[in-house]
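*Asks:* Quick one: this structure, given as structure tokens, is what I'll be asking you about.
The values are calculated or read from the model by the stated rules, or taken from the named source; none is laboratory data. Since this is a predicted model, take the numbers as computed values, not measurements. All Cβ positions, glycine included, derive from the backbone under ideal geometry; neighbour counts span all protein chains shown. What goes into the accessible areas is simple: the full protein's heavy atoms, side chains included, and nothing from ligands, DNA or RNA. Shrake-Rupley method; radii C 1.70, N 1.55, O 1.52, S 1.80 Å.
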Amino acid sequence: MIRKACIMKVFPNCHEEYRKRHEGIWPEMVNMLTEYGAHNYSIHLDPTTNSLFAYLEIEEEGKWSKSAETQICKKWWAYMKDVMETNPDNSPVVVNLQEVFYQA
């Protein structure tokens, strides 16, 4: 498995809405994540900075990168664009983090 981590930003007044939308994540979205090799996916909020820390494990980079091309992913991005920082295509603004330590 490949470990990935990134930081995104949620708007200050949208913390609860962000949480609520993920509590009700669409089954089709969960299925797509699994189909494209995502495992152990979690997102954590730092309410003092509005930062979201996401961690997931993927099977392979090529397979995972294709998940962004799916209709369900694009629909989810459009659904989330009003609660977080996004790019012009509605994808979240993401800062990928480099792993500097791992203890198995």
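*Asks:* Which value, in debye to the nearest 20, describes the size of the charge dipole of the chain about its Cα centre when Lys and Arg Cβ atoms bear +1, Asp and Glu Cβ atoms bear -1, and nothing else is charged?
*Replies:* Charge dipole, the chain, about its Cα centre: 140 debye, nearest 20.
*Asks:* Right, something else. Provide the per residue accessible area, probe 1.4 Å, for the chain, rounded to a whole number of square angstrom.
*Replies:* Result: 66 Å² per residue.
*Asks:* Considering only protein heavy atoms and a probe of 1.4 Å, how much of the accessible area of the stretch 15-96 is carbon and sulfur, as a whole percent?
*Replies:* Details: 2580 of 5000 Å².
After summing per-atom areas, the C and S share lands at 52 percent.
*Asks:* Where in the stretch 51-65 does the label zone of N96 land, with the point 7 angstrom along Cα→C-beta and an amide N cut-off under 16 Å?
*Replies:* Zone members listed by number: 54-65.
*Asks:* At 222 nm, what helix-only mean residue ellipticity would the chain give, in deg cm²/dmol to the nearest 500, using -39500 (n - 2.57) for each DSSP H run of four or more?
*Replies:* Mean residue ellipticity, 222 nm, calculated: -8500 deg cm²/dmol.
*Asks:* Now, a different point. Along the charge dipole of the stretch 55-104, pointing to its positive end and built from +1/-1 on Cβ of Lys, Arg, Asp and Glu, which listed residue (Y79, Q103, A68) has its Cα farthest out?
*Replies:* After comparing all options, I get Y79.
*Asks:* While we're here: What are the lysines whose alpha-carbon lies under 18 Å from the alpha-carbon of K4, with same-chain residues fewer than 8 places away excluded?
*Replies:* The reachable lysines, counting only those whose Cα sits under 18 Å from K4, are K63, K66.
*Asks:* Placing +1 on the Cβ of each Lys and Arg and -1 on the Cβ of each Asp and Glu in the chain, which of A5, H44, H22 has its Cα farthest towards the positive end of the resulting dipole?
*Replies:* So the residue we want is H22.
*Asks:* Using the basic label-point model (7 angstrom from Cα toward the beta carbon), what is the R19 to S51 distance in nanometres?
*Replies:* Placing both labels 7 Å along Cα→Cβ, they lie 2.0 nm apart.
*Asks:* While we're looking at this one, here's another question. Residue separation times 0.36 nm, minus the C-alpha to C-alpha distance between A78 and E60: what's the value?
*Replies:* 3.9 nm
*Asks:* Further, regarding this structure: Return, ordered by residue number, the residues of the stretch 1-15 whose backbone nitrogen is under 13 Å from a label point located 7 Å along Cα→Cβ of A104.
*Replies:* Flagged as within label range: 1-3.
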